[in-house]
Amino acid sequence: MVTNVTSFGRSGLSDFVLQRVSAVILAAYTLCIMGFFLTHESMTHQILVGYFTTLPMQIFSTMAMVSLIAHAWIGMWTIGTDYIREHYFGTRALASRLFYQSACIAALFIYALWAMNLIWRL
Amino acid sequence: MARLLETVYARNYFLSQEETLSMKTERPVNIFLLRFAWPFAAIASILHRISGGVLFVGVVFLLYIADLALGSEPGFEEAQVLLATPLGKFILFGLMAALLYHLVAGTKHLLLDFHVADTLEGARLASQLTVGISIVLIALAGIWIW
């Protein structure tokens, strides 16, 4: 079995399932938000805050953000390990890949904390 | 491509499953993309990846706008002004396009997992449908934004 220490669940099968479960949650959240904006042509601050501060919506937003972390990491990891390779990058491949993966983790960490602050401070 | 697969199968064909699994030297084959004829399905597939990468970066923009708009009444007005500028509209449209394409292509991927359109002909048609449906949705998003 081919395993990789930097994959999300330490196994391809686990990543495969997580990628799909998080995709379904993110798709549901996307449709929900799109529906909200499509049905509120004239938006106000009150309507917007009112919509996002109900507890079910706060929980749904948190779920979507957690899904985004898993989904984006698995996706970005896949792209990175496919393209940042020796036959494109030569001897710099390993260092470039590590830098790229670290940057992705840092960005996702900031996204997660920013979103949690945004969702729960309201 | 066909010859490449033949070589891989020929090497493993006479081995038992255990022997194949224990062969640590047999790594997955990576195709060198710069010397590769790009069929339509491959373009549809790479667009799924590109749109995913665009969304990953675009989350910064969405969080920034959400933070402004949810933060305070003046912040909400500032967000509205930002989204009304040509650059704001362009970024919003770009992200909507990436999101819609990623959503449609992802739905196709989930159907594929349930063996819908997993034949060669089916996959060709599905990739054409993915691009076609996305173009319609992206055009509608463009009309909505402008």
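Criterion first (out of contact with any His (no Cβ under 8 Å at 6 or more places or on another chain), surrounded by 14 or more Cβ atoms within 10 Å (Cβ to Cβ), at pLDDT 95 or above and aromatic (Phe, Trp, Tyr)) does A:Tyr100 satisfy it? Here the answer is yes, as A:Tyr100 does meet what is asked. Looking across segment A:1-27 at every residue that is within 13 Å of chain B (Cβ to nearest Cβ) and in contact (Cβ under 8 Å) with a residue 12 or more places away in the chain, the one that is farthest from B:Gln80 (Cα to Cα) is identified as A:Asn4.
Quick one: is A:Ile84 more than 12 Å from the chain's Cα centre (by Cα), open to solvent by less than 60 Å² (accessible area, probe 1.4 Å) and either among the basic types (Lys, Arg) or at pLDDT below 95 (or both)? So A:Ile84 passes the test.
Here is a yes/no grid of residues against (1) open to solvent by less than 70 Å² (accessible area, probe 1.4 Å); (2) over 30 Å from B:Trp38 (Cα atoms):
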residue	(1), (2)
B:Leu87	no, yes
B:Phe90	no, no
B:Phe93	yes, no
B:Tyr101	yes, no
B:Gly142	yes, no
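Of the residues that sit in segment A:80-94 and are assigned to a helix (DSSP H, G or I) and touching a Phe, Trp or Tyr at 6+ places or on another chain (Cβ under 9 Å), which one is nearest to the other protein chains (Cβ to nearest Cβ)? Explain how you work it out, then say what you get.
So in segment A:80-94, the residues assigned to a helix (DSSP H, G or I) come out as A:80-83, A:86-94.
Pick out the ones that are also touching a Phe, Trp or Tyr at 6+ places or on another chain (Cβ under 9 Å) and you get A:80, A:83, A:87-89.
Working: A:Gly80: 10, A:Tyr83: 8, A:His87: 6, A:Tyr88: 8, A:Phe89: 13 Å.
Per the stated criteria, the residue is A:His87.
Being over 17 Å from the mean Cα position of the chain (by Cα), at pLDDT 95 or above and closer than 21 Å to A:Leu38 by Cβ: is that true of B:Ala66 here? Answer is yes for this residue.
Restricting the search to segment A:38-56, which residues are polar (S, T, N, Q) and open to solvent by 60 Å² or more (accessible area, probe 1.4 Å)?
Within segment A:38-56, the subset polar (S, T, N, Q) is A:39, A:42, A:44, A:46, A:53-54.
Correct list: A:Thr39, A:Ser42, A:Gln46, A:Thr54.
Residue count for segment A:1-32, restricted to those that are open to solvent by less than 30 Å² (accessible area, probe 1.4 Å), assigned to a helix (DSSP H, G or I) and farther than 11 Å from A:His71 by Cβ: 1.
The values are calculated or read from the model by the stated rules, or taken from the named source; none is laboratory data. Model, not experiment: these values are computed from the prediction. Ideal geometry is used to build each Cβ from the backbone, glycine not excepted, and the neighbour counts take in all protein chains shown. For accessibility, only protein heavy atoms count, side chains too; no ligands or nucleic acids. Shrake-Rupley method; radii C 1.70, N 1.55, O 1.52, S 1.80 Å.
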